[in-house]
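Working notes, beginning with the structure itself.
The values are calculated or read from the model by the stated rules, or taken from the named source; none is laboratory data. Fair warning: this is a prediction, and the values are worked out from it, not measured in the lab. Cβ coordinates were reconstructed from backbone atoms using ideal geometry, including for glycine residues, and neighbour counts include every protein chain displayed. For the accessible areas, the whole protein counts, side chains as well, though only heavy atoms, and no ligand, DNA or RNA atoms are used. Shrake-Rupley method; radii C 1.70, N 1.55, O 1.52, S 1.80 Å.
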2 protein chains.
Amino acid sequence: MNGGDGPHSYLNNSNLQRKATDACRTMIEEAIAQKLDVKCFSSNPFRLADLGCSVGPNTFKAMQHIVEAVERKYLAQGLKSEMPEFQVFFNDHVANDFNTLFASLPTERRYFACGVPGSFHDRLFPESSIHFMFSSHALHWLSKVPEELLDKNSPAWNRGRIHCTSAPDEVSHAYAAQFDHDVEIFLNARAKELVVGGMIVLLIPALPNGIPASQSPFGVMFDLLGASLMDMAKEGLINEAQVDSFNLPVYAASREQMTDLVKRNGCFTIERMELVYPTSKLVDRFCGNECGMLLRAGMEGIIAKHFGSGIIDELFDRFSKKSVEFSHQLESSKRGGAQLFAALRRK
Amino acid sequence: MNGGDGPHSYLNNSNLQRKATDACRTMIEEAIAQKLDVKCFSSNPFRLADLGCSVGPNTFKAMQHIVEAVERKYLAQGLKSEMPEFQVFFNDHVANDFNTLFASLPTERRYFACGVPGSFHDRLFPESSIHFMFSSHALHWLSKVPEELLDKNSPAWNRGRIHCTSAPDEVSHAYAAQFDHDVEIFLNARAKELVVGGMIVLLIPALPNGIPASQSPFGVMFDLLGASLMDMAKEGLINEAQVDSFNLPVYAASREQMTDLVKRNGCFTIERMELVYPTSKLVDRFCGNECGMLLRAGMEGIIAKHFGSGIIDELFDRFSKKSVEFSHQLESSKRGGAQLFAALRRK
């Protein structure tokens, strides 16, 4: 994510993620009210973590919301006198802009704050030390691009594209396999870190059944971004081989795929797992500059790392124009714009 | 402290602090081996904190050293099978460069790492959640400049000086009172956060009995820095009133003062409290550019905040020249260059 607080920062271009999280507020509250048994936690304090928190303000709103819901649960369970102190662990990659995150921490917060640098595809916390984990719009980031995509001799070589949208099945399978692998590692690590009875709530972009990736909002956006890069390659502004070797390490799973992965892992009960469709209500003007800014805030870093930062302005200018040109496709993709809400409990 | 890894960074100009900490390695080991009863800690993990950690590498060396000493203590107490995981909390002000700190975390560390932004003159951690705390060259920073120093009608008005060195008694008393107040707040907060039996080791610059502040190494340096500022004021490069209203918020306590403060607080037993004199062996060339770089890495931020960053190069250039001119004073000040080692245990 773009750090700082400038015009292209994630901080100023994360409205979609905020709205998506807002849409699930009630579901988070219900999960805590109905499924989190705070009586089984012996220790003070109550520790919660946001995995892939980026730089706020979304993470602060989410953490505040969860703290308040847990406080209500203590009251509801007749444990007013045992109300714990709260400690919140804000996690993201080492390269996340923790300085900006820390500088914008709410002064009136009701918790002790920590930053935890590192990939959530690895262990982050001591054993049985966290009571509640939250991760919004983060787990769809793969730990790496599947290797086959870069192998010219593989049927999964992803020539001329930057994602599995509109790609051969082999490419989609490679993405899916990487996601399966990453989620297994993620769940194993979280199973160690959560106390028994502790919960994890996941929000991730997802694909509804029967909708091909190429007809989801992000699918259309990735296709347009790929086409913009290919246009630039054809004009000689970048090298076509550079496009061939670039792939976005993100993946939208289906509800069924995620359910299978949790069951296969075996450490969690699925308390709730359902698709929510916030996009159509939330994104009114899903094209042009706004659309470009949204994508840029999340993707600029990895694009600049591969192609150099010199192409960024030009690329997103072209992308914005394309998103106006293909606004009908973006518009009709809204019905494929789902996110998956998963509430899991540590057995 | 100056962030980043440039020529004026704390990272590249903290040799003195490192040597001072190295000199106390054995004392830290002894405190853990002799006074830390890990049998009384029921919970896994073992949590430790560095208060005022800055940006490394000193803090990484210290934390690694403490982790290893605690591991040895578990073995010595026959608790090999109960060896805990370790979680280290790196604390410093919100303005500390946590991005640099996190990027330079040792990859081979044997602990889970967290950053904790905030002043240690306030609560930082949940109740009874930390087993060992360490603070090196940090507690001598006052939470603020004593207000009387800025009051033209007070006998403590510190006109033409930037510290209590070579100042009237009223100025020294104002500094001492602020330090007393800050340490009381510090100890109260730590008493809440440490588990019973948990320990805190403090290393701070200190004044030996009978040595006036003006004859200690930092006293001489502060006097030379103040004189450099006054020279610049006389030449019209800065305003004299700016110098009058600037005071360094640092203070070197005596062993007796610190002992009194811990006793008055009442929450800790003093396991060890003694002065160590590392300066004479450690600082060979205690003048000129090296001396200026050392002071600049620690003080540039607050000086630039008050006077503007435009004067920094000129000021430290003048300071370096003065430190050569007055090298005999710096040389003879070495005998006043002590630090206080305090090992306290939570009752």
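In this simple spin-label model, placing a label point 7 Å from the Cα along the Cα-to-Cβ direction at both B:K61 and A:R109 gives a separation of 3.2 nm.
Summarising the overall dimensions of the protein assembly as shown from its C-alpha atoms, the Rg and Dmax are 28.6, 84 angstrom. Here the 3J(HN,Hα) profile of the range A:120-134, calculated from phi with Karplus coefficients 6.51, -1.76 and 1.60 at θ = phi - 60°, is 6, 8, 9, 5, 10, 10, x, 4, 6, 10, 10, 9, 8, 10, 9 Hz, Gly and Pro shown as x.
For chain A, what is the calculated [θ] at 222 nm in deg cm²/dmol (nearest 500), taking -39500 (n - 2.57) for each run of four or more DSSP H residues and dividing by its residue count?
Values: 12 runs with 149 residues, N = 347.
About -13500 deg cm²/dmol.
So, R0 is 45 Å and r is the distance between the beta-carbons of B:D231 and A:D313; what FRET efficiency does that work out to, to 0.05? Efficiency for this residue pair is about 0.40. Computed from backbone phi with θ = phi - 60° and the Karplus coefficients 6.51, -1.76 and 1.60, the 3J(HN,Hα) list for the range B:236-241 is x, 6, 9, 8, 4, 4 Hz; x is used for glycine and proline.
How many square angstrom of accessible surface are buried between B and A, both sides summed, with a 1.4 Å probe and rounding to 100?
2100 Å²
Here the Debye sum runs over all C-alpha atoms of the range A:121-246 as equal scatterers in vacuum, and log10 of I(q)/I(0) at q = 0.20 Å⁻¹ comes out as -1.12.
Suppose R0 equals 22 Å; then what is the FRET efficiency for A:E325 and A:E240 from their Cβ-Cβ distance, rounded to the nearest 0.05?
Values: r = 22 Å, r/R0 = 1.01.
That gives a FRET efficiency of 0.50.
Across the identical copies, the 7 Å label point of B:E147, projected outward along Cα→Cβ, sits 6.7 nm from its counterparts, in ascending order. Angle check, please: helix B:169-193 long axis (alpha carbons) against the longest principal axis of chain B (alpha carbons), in degrees 0 to 90, nearest 10. Its long axis makes an angle of about 20 degrees. Using a cut-off of 20 Å between Cα atoms, the listed pairs A:K35/A:K263; A:K152/A:K305; A:K61/A:K144; A:K61/A:K263; A:K192/A:K263; A:K39/B:K39 include A:K152/A:K305; A:K61/A:K144; A:K61/A:K263; A:K39/B:K39 as exceeding that distance.
Per-residue mean of foreign Cβ neighbours for A:122-128 is 4 (Cβ atoms of other chains, 10 Å radius).
Less than 14 Å Cβ to Cβ from B:G160, Lys/Arg counted +1 and Asp/Glu -1: what total charge do the surrounding residues give? Present the calculation step by step, with values, prior to reporting the outcome.
Numbers: positive: B:K152, B:R159, B:R161, B:K234; negative: B:D223, B:D231, B:E240, B:D244.
Overall, the nearby charge balance is 0.
Working note: Karplus 6.51/-1.76/1.60 with θ = phi - 60° gives the range B:202-210 the couplings 10, 10, 9, x, 9, 9, x, 4, x Hz, where Gly and Pro are set to x. A Cβ-based charge dipole, computed about the Cα centre of chain A with Lys and Arg at +1 and Asp and Glu at -1, lands at about 980 debye.
Probe radius 1.4 Å, ligands and nucleic acids ignored: give me the carbon and sulfur share of the accessible area of the range A:15-346 as a rounded percent. Carbon and sulfur atoms account for 49 percent of the accessible area of the range A:15-346.
Computed from Cα atoms, the angle from the helix B:255-265 axis to the main principal axis of chain B rounds to 60 degrees.
Placing a label point 7 Å from the Cα of B:D37 along the Cα-to-Cβ direction, the distances to the matching points in the other copies come to 3.6 nm, shortest first. With both bridge residues required to lie in the protein assembly as shown, what share of the DSSP beta bridges run antiparallel, to the nearest 5%? Given both bridge residues lie in the protein assembly as shown, the antiparallel proportion sits at roughly 45 percent.
Using a 7 Å projection from Cα along Cα-to-Cβ, the label point at A:K263 is separated from the same position in the remaining copies by 7.1 nm, smallest value first. For the charge dipole of the range B:116-220, defined by +1 on Lys and Arg C-beta atoms and -1 on Asp and Glu C-beta atoms about the Cα centroid, which residue among B:G118, B:P168, B:V220 has the Cα displaced farthest towards the positive pole? The residue sitting most towards the positive pole is B:V220.
Shown are A:M83, A:M221, whose ranking by accessible area with a 1.4 Å probe and every protein chain present, most to least, is A:M83, A:M221. Here's the picture: charge each Lys and Arg Cβ at +1 and each Asp and Glu Cβ at -1 in chain B, and of B:S135, B:F98, B:I303 the one pushed furthest to the positive end of that dipole is B:S135.
Residues whose amide H falls under 5 Å from that of B:D92, counting only those 5 or more places apart or on a different chain, are B:G52, B:C53, B:V116, B:G118, with hydrogens built in the peptide plane. Across the range A:15-346, the convex hull enclosing all Cα atoms gives 127 Å³ per residue.
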